[in-house]
Amino acid sequence: MNGQFNASKQGSDLHILIGVTGHRDLALESRDRVRIAVRHALTVWHQAFGARLRVVTALADGADQLVAEIAQELSIGVIALLPMNRAYYRSTLLAEGREKFDNFLKNIDVNDIIELPEIDIKEEADAEQRAAVQYEQLGILLCRQCHILLALWDGYDAEPLSARMSRQRAQRGGTAHVVSMRMNGEYTEVPVALFDQSILFAERLSRLELARSGPVLQIATPRISRVMEQRTPGQAIWWDQPMPLPNISSDIEAVCPEVVLDLSLSKHRSILADLIPTTCHQIIAASQQLGAAHVMTSHGCKAKAKELGVPSAGNPVILRLVELFAQSDLYAYQAQQNLIGSWSPGLPWPKGGGGRRRLGALFAFGLAIPIASACFEVYCEYGKDPLWLMGYIVVLALSFALYRLVVRKYGWQNRYQDYRALAEALRVQAIWAASGVPLAVSDNYLRHQEDEIGWIRLALRGPSLMGIGAALKVRSCRKHEAEAVTEQSSMTIRERWIIKQGEYFAARVGTYEQAVKTSDRYAKASLIGAYSLAVALVCVQLAYGGALPETEPEWLREVPTVLIGVLPAIAAFFLIFKEARAYEDHLHSYNQSSLVFQEAARQADRMELAAGHCSAYKAEQQADWEDLLIALGRQALMENAIWIQTHRARPVGFKSGG
């Protein structure tokens, strides 16, 4: 085993997580073949994802320790996800396994060791039943948070879904159960009582869950206790929910959604690389973009992190979450400046804050309409000078080129919206982690969007697992720290998130109310002006026998005609901004969020008042506070999901441009 690989200090990247499940009693005669297959698989993924790859394992005897050993040999970061208290879990391992377990933990950063909480089982249960539930909790977390599940499994399931009349298995938490959970969903595999009893989950996922858990790579692994049938030891089988597969040569057995591979062949390793979901590559690209933005604007990232004001108590994982939020928020702001700028008609000109002010591509598109209209009207009314017609052509051509060659090519709109969504989710995750709430935003965000924005939820899996681990450590430390420290942390979150965000939303309500009124006012004034000029022009012509009177200078006579053509284009200029910037939708969203945060602030005030009068129920009061943060965080995530869907429906640019 090589030197310590500190995954926690590899930067605040978005990680790709490989979850591990497998048998403890690996057959000795086939262990080398299994090891070779695992090494090939990890090498393929390591080449694809580099230092952002993590292996998530419980470090149990057999499969878990085998994969962890190979991962550390390849310098792949390992996250130890222990199903229960470390000391008790260690006692369940064999003597050889305990020694390896201790050595692994010595070479894993303390912040990458997560001990899952004990599930409070209400009914009578023996030690074996309690352990099974803990392993089941571990399995759910692996299925929900890992991008690819690596299963060292013989393929045998004594209780397949087709043979069960209920969701209750007799044998819970084993490898077959975890794989079935991954492929068939929680609703068919896990009783709802577990989700009520575990603090790691807000609810069981729906029967009609649209968000896919992700693929499984099975390495056929014989056990000592049972003879493996059909499969060859070390054979790799890729499973996924229905998806388009790359072109696969005829010598590979491929029955959707299953692909059987021999990873000793380089051609089959290339196939495995091709089978990696595109969302994983999107996550790596996003991580690289955030890293580059951080290098270029490190001062801005520090300012954003300070502005968030999440109490970290020196916890490096919470600091990493805050840093990742700051990077995402700043990157979204930069994309916003390019796309829609610092100002739009109807909104007040931004005050304070440093940096350049930009009008953005949307302003250029909107302004092109009245300018092009003016050029064409002047061309028509003033002697058909080709220079004015050329001006019309140039304005439209430049606008189209800006859209096709810049806005669309570099994906300004998607970048702005995607990274804004990512930042808001990370804000909630950091606050939950600092408050000791071990929930994952990836479980509570964009679960009904499996289209082009589905990658955001998957990108949040790494930070979510980090957040769960940090929150569990906060809960553990809370038992030993003074009550004043906990109260100060709660007060900081109340002031910097609940109150400050509520004030922000309330201010934005006023801003967008004024924006709607101003845009409508100017658009109506332009249309009324055009209508009035047209009526006046008709009256003048009728009064002069159908002809316009002679004027000095002569060019003045055509001005009303030009204005009649240009004023509707000016009205369109304001209406374009109102529609593209979704002023009315923003107003509704901000008003809803303002009301929610105001109600949360009132409830927080009542809790603080109750705590001052009755200090005998600290545990109940803390649980009530955490429940408020969960409800508020989920509401904030829901509002943000609505926001991104609203903006996706309003693309900036030429409709005909795709």
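The values are calculated or read from the model by the stated rules, or taken from the named source; none is laboratory data. Quantities reported herein were computed from a predicted structural model and do not represent experimental measurements. For neighbour counting, all protein chains shown are included, and Cβ atoms are generated from backbone atoms with ideal geometry for every residue, glycine included. The accessibility values were calculated without ligands, DNA or RNA, using every heavy atom of the protein model including side chains. Shrake-Rupley method; radii C 1.70, N 1.55, O 1.52, S 1.80 Å.
Here are a few things to note about the model shown:
- From the options Val310, Val322, residue that is β-branched (Val, Ile, Thr) and in a loop (DSSP other than H, G, I, E, B): Val310
- If you go through the range 309-351 and keep only what is within 30 Å of Val516 (Cβ to Cβ) and aromatic (Phe, Trp, Tyr), you end up with Tyr331, Tyr333, Trp343, Trp349.
- Close pairs from the range 384-411: first in contact (Cβ under 8 Å) with a residue 24 or more places away in the chain, partner of a type in the set (Phe, Trp, Tyr) and not in a helix (DSSP H, G or I), Cβ under 6 Å, at least 6 apart: Tyr403/Phe654
- Looking at the range 331-447, none of the helices (runs of 4 or more DSSP H) lying wholly inside it contains 1 or more residues that are open to solvent by 60 Å² or more (accessible area, probe 1.4 Å), touching a Leu at 6+ places or on another chain (Cβ under 7 Å) and within 30 Å of Ile16 (Cα to Cα).
- Those residues of the range 590-609 which are open to solvent by less than 40 Å² (accessible area, probe 1.4 Å) and closer than 9 Å to Ala506 by Cα, in sequence order: Tyr590, Ser593, Ser594
- The set of residues from the range 42-56 being touching a Ser or Thr at 6+ places or on another chain (Cβ under 9 Å) and either of a type in the set (Val, Ile, Thr) or touching a residue at least 60 places away in the same chain (Cβ under 8 Å) (or both) comprises Val44, Arg52.
- Tabulated pairs, the range 275-291, first surrounded by fewer than 16 Cβ atoms within 10 Å (Cβ to Cβ), second at pLDDT below 95, C-beta under 6 angstrom, 6+ apart or interchain: none
- Condition met for Leu324 (within 17 Å of the chain's Cα centre (by Cα), closer than 30 Å to Ile113 by Cα and either open to solvent by 40 Å² or more (accessible area, probe 1.4 Å) or in contact (Cβ under 8 Å) with a residue 60 or more places away in the chain (or both)): yes
- Those residues of the range 186-212 which are buried (at least 17 other Cβ atoms within 10 Å of the Cβ) and either of a type in the set (Ser, Thr, Tyr) or within 22 Å of the chain's Cα centre (by Cα) (or both), in sequence order: Glu186, Ser198, Ile199, Leu200, Phe201, Arg204, Leu205, Ala211, Arg212
- Filter pass, Ala470 being over 18 Å from Leu339 (Cα atoms) and of a type in the set (A, V, I, L, M, F, W, C): yes
- When the range 263-274 is filtered for residues that are among the basic types (Lys, Arg) and open to solvent by less than 80 Å² (accessible area, probe 1.4 Å), only Arg269 remains.
- Residue within the range 163-173 that is over 30 Å from Ile456 (Cβ atoms), at pLDDT below 95 and part of a helix (DSSP H, G or I) present: yes
- Single residue of Tyr522, Tyr544 found to be under 58 Å from the mean Cα position of the chain (by Cα) and open to solvent by 30 Å² or more (accessible area, probe 1.4 Å): Tyr522
- In the range 303-316, the residues that are on the phi > 0 side of the Ramachandran plot reach residues that are modelled with pLDDT of 80 or more and open to solvent by 60 Å² or more (accessible area, probe 1.4 Å) with C-beta atoms within less than 6 angstrom, at least six apart or across chains, in these pairs: Gly309/Arg496.
- Scanning the range 448-499 for residues that are more than 10 Å from the chain's Cα centre (by Cα), at pLDDT 95 or above and assigned to a loop (DSSP other than H, G, I, E, B) gives no hits.
- Counting only residues that are under 21 Å from Phe577 (Cβ atoms) and loosely packed, with under 15 Cβ neighbours inside 10 Å, the range 499-512 holds 2 of them.
- Comparison of Glu159, Glu118, Glu128, Glu136 shows that the only residue that is among the acidic types (Asp, Glu) and closer than 30 Å to Trp455 by Cα is Glu136.
- Qualifying residue in the range 547-561 (condition: part of a loop (DSSP other than H, G, I, E, B) and either closer than 29 Å to Arg634 by Cα or of a type in the set (A, V, I, L, M, F, W, C) (or both)): yes
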